[in-house]
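Enquirer: Got a structure for you, questions after.
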Amino acid sequence: MSNHARELGEKRALLVGINHYYLDDAIGNLKYCVNDVVELNRILSDSLRGNFTTQPLHSDIEDKKLTPTRSNIMSMLKLLSSNSEQNDTVLFYFAGHGFEQDGVNYLLPADARLNVLSETAIALRWVKKTLSESLAKKKFIIIDACHAGSRLGRSLSIPMTKSFEEEMFSESEGLAILSSCRFGQVSYDFPEKNHGAFSYFLLEGLQGSADVDSDHIVTVPDVNKYVSTEMHKWCLKMQLEQNPTFVYNVSGDFLFVRVPYEGKEQVLEPAITGEPSEIVEKDEGEAIRSVLEDISFLSDDDVYSDNILFDQLKNMIVHEDKPEKKTGKSKLFLKQFIATRFSSSLAQDRLMNIVEIITELREIKKWIRNEPVIKQFLILEFLTSNNFDYAGTMAHIINNLIPIFSDDELTEIINGIEKNDQITSSFKARRYLISIIDSCKTILPLEKYKQLKSTFL
């Protein structure tokens, strides 16, 4: 992979889509914002494409903590910004209503009220200020607002105002910003595709259509060029006017997603296919060991540019159809994995994603209970997590294995969590930390339990 497109840090995204505005009848509902977020989340969270840690908030989610209310959006955006480090990439995507009132420009959350916007909406300047305070060098805002035919106040369509456009693109140092339309225009739906037109072409570009130079990499400028071109063609056909607007004040190329090689996708078949003749454990162990040895020599660049070995392992183990063979291969993999040393820490991070999946297997949990070396390895990896994404993966693994830990091991885990800022600040780990802490309720002093619980609520 060329140096200009190499990813050095973590990638995180907050994706907001609002169809239903439930507190103010004067704010009309929208049709396809949730679809846009669901599909964007699928692409960005795919380890072969975006490899983002994503947090979708949309109005079809029943969990109140994940609905796109003002407090949830602001809290998550603040967390996204503060959790990021210099080499990280952060993305904020918003599909919903935008509105100007008394010279202030707002994004409208699901619980907005027009008569008290300053208290119930999110000022656009606050969004930009919050992201600008992040240490991440690469920050991207995508706004799909000002939807045509959507009732807001007394109007059927609210075009983007001059003030909204100016505020969005002014003082954008360190930001890339892509907006669905220009001043005086509205964003149109694409009913045949069940998406907004702008977001449909954005998604199509990220699927690979924006990779016009066939380098299997889609940068932010690539996406802008593709979306603008396709929107122009579509608008000519539909006799409409909608021109996406883009500003790019980021140093260097900004890699957005990768496009998997078609040739590689075709060869990603299980290395062990389960022929009629049973494969003996020795042969299975050798096959797994052989792939792990190949991975152990990979550099960071190799890991970024080549997923075939990792997918081969995943197909051998995770995609094994027979439960007893899946359990057997999982045991062989875990034993060999903890005995292997890797040139790239990223390789171990990637392999831990397989561990994350197999530790959900009931038989593997029971087996690890009697494998103290593996238990201690996993606890130590969790407590020494040195980046936010890895901490999230390890928190999920530890949460999967909670029933097998002794009181002493649980105490070790709790004490270690408090000492590692990468764990306590991890965007991905927070969802599992509350469950882990609840599991330790009976072994913790009441005040300490309450203090820890309140930290992550």
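Enquirer: Among the residues of the stretch 406-421, what is the count of those that are within 16 Å of GLN376 (Cβ to Cβ) and without any contact (Cβ under 8 Å) to a residue 12 or more places away in the chain?
Expert: Matching residues across the stretch 406-421 total 3.
Enquirer: Tell me whether the stretch 51-71 contains one or more residues that are assigned by TED's automatic domain parsing to the domain that holds THR245, in contact (Cβ under 8 Å) with a residue 60 or more places away in the chain and assigned to a loop (DSSP other than H, G, I, E, B).
Expert: yes
Enquirer: Pick from the stretch 118-170 the residues that are surrounded by fewer than 14 Cβ atoms within 10 Å (Cβ to Cβ) and closer than 12 Å to VAL247 by Cβ: which of them is modelled with the lowest pLDDT?
Expert: Per the criteria, the residue is SER170.
Rundown of residues vs (1) within 18 Å of LYS453 (Cβ to Cβ); (2) surrounded by fewer than 21 Cβ atoms within 10 Å (Cβ to Cβ), yes/no style:
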position: TRP367; (1), (2): no, yes
position: PRO372; (1), (2): no, yes
position: GLN376; (1), (2): no, yes
position: LEU383; (1), (2): no, yes
position: PHE388; (1), (2): no, no
position: ASN399; (1), (2): yes, yes
position: ILE414; (1), (2): yes, yes
position: GLN422; (1), (2): no, yes
position: SER439; (1), (2): yes, yes
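Enquirer: Tell me yes or no: at least one residue of the stretch 33-48 is part of a strand (DSSP E or B), out of contact with any Lys or Arg (no Cβ under 9 Å at 6 or more places or on another chain) and assigned by TED's automatic domain parsing to the domain that holds CYS146.
Expert: Among the residues of the stretch 33-48, not one is part of a strand (DSSP E or B), out of contact with any Lys or Arg (no Cβ under 9 Å at 6 or more places or on another chain) and assigned by TED's automatic domain parsing to the domain that holds CYS146, which makes the answer no.
Enquirer: Here is a list: THR53, THR69. Which entry is at negative phi, touching a Pro at 6+ places or on another chain (Cβ under 9 Å) and surrounded by fewer than 24 Cβ atoms within 10 Å (Cβ to Cβ)?
Expert: Exactly one of THR53, THR69 is at negative phi, touching a Pro at 6+ places or on another chain (Cβ under 9 Å) and surrounded by fewer than 24 Cβ atoms within 10 Å (Cβ to Cβ), namely THR69.
Enquirer: Whether any residue in the stretch 140-152 is farther than 25 Å from HIS195 by Cβ and charged (D, E, K, R) is what I want to check.
Expert: So far as the stretch 140-152 goes, no, none of its residues is farther than 25 Å from HIS195 by Cβ and charged (D, E, K, R).
Enquirer: Something else: Would you tally the residues in the stretch 323-366 being part of a loop (DSSP other than H, G, I, E, B) and not charged (D, E, K, R)?
Expert: Residues meeting the conditions: 7.
Enquirer: Okay, next question. Based on this model, can you work out whether LEU346 counts as within 18 Å of THR393 (Cα to Cα), free of Cβ contacts under 8 Å to residues at least 60 places away in the same chain, aliphatic (A, V, I, L, M) and not assigned by TED's automatic domain parsing to the domain that holds SER385?
Expert: yes
Enquirer: Continuing with this model, one more query. Scan the stretch 413-430 and tell me whether some residue there is within 29 Å of SER82 (Cα to Cα) and touching a strand residue (DSSP E or B) at 6+ places or on another chain (Cβ under 8 Å).
Expert: yes
Enquirer: Moving on to the next point. Considering only the stretch 84-105, I want to know if a residue exists there that is touching a Pro at 6+ places or on another chain (Cβ under 8 Å) and part of a helix (DSSP H, G or I).
Expert: No, every residue in the stretch 84-105 fails to be touching a Pro at 6+ places or on another chain (Cβ under 8 Å) and part of a helix (DSSP H, G or I).
Enquirer: Quick one: ILE27 ticks every box in (1) touching a His at 6+ places or on another chain (Cβ under 9 Å); (2) under 28 Å from VAL250 (Cα atoms); (3) modelled with pLDDT under 95 bar one, so which box is it?
Expert: Checking ILE27 against (1) touching a His at 6+ places or on another chain (Cβ under 9 Å); (2) under 28 Å from VAL250 (Cα atoms); (3) modelled with pLDDT under 95, the one that fails is (2).
Enquirer: Checking the condition in contact with a helix residue (DSSP H, G or I) (Cβ under 9 Å, 6 or more places away or on another chain), surrounded by fewer than 19 Cβ atoms within 10 Å (Cβ to Cβ) and under 19 Å from ILE141 (Cα atoms), which residue from VAL104, VAL90, VAL37 passes?
Expert: VAL104
Enquirer: It is to be established whether one or more residues within the stretch 384-395 are in contact with a helix residue (DSSP H, G or I) (Cβ under 7 Å, 6 or more places away or on another chain), of a type in the set (Ser, Thr, Tyr) and in a helix (DSSP H, G or I).
Expert: Within the stretch 384-395, one or more residues are in contact with a helix residue (DSSP H, G or I) (Cβ under 7 Å, 6 or more places away or on another chain), of a type in the set (Ser, Thr, Tyr) and in a helix (DSSP H, G or I).
The values are calculated or read from the model by the stated rules, or taken from the named source; none is laboratory data. Treat the numbers as computed from the prediction; the structure is a model and nothing was measured. Note that we place each Cβ from the backbone using ideal geometry, even for glycine, and neighbour counts take in every protein chain shown.
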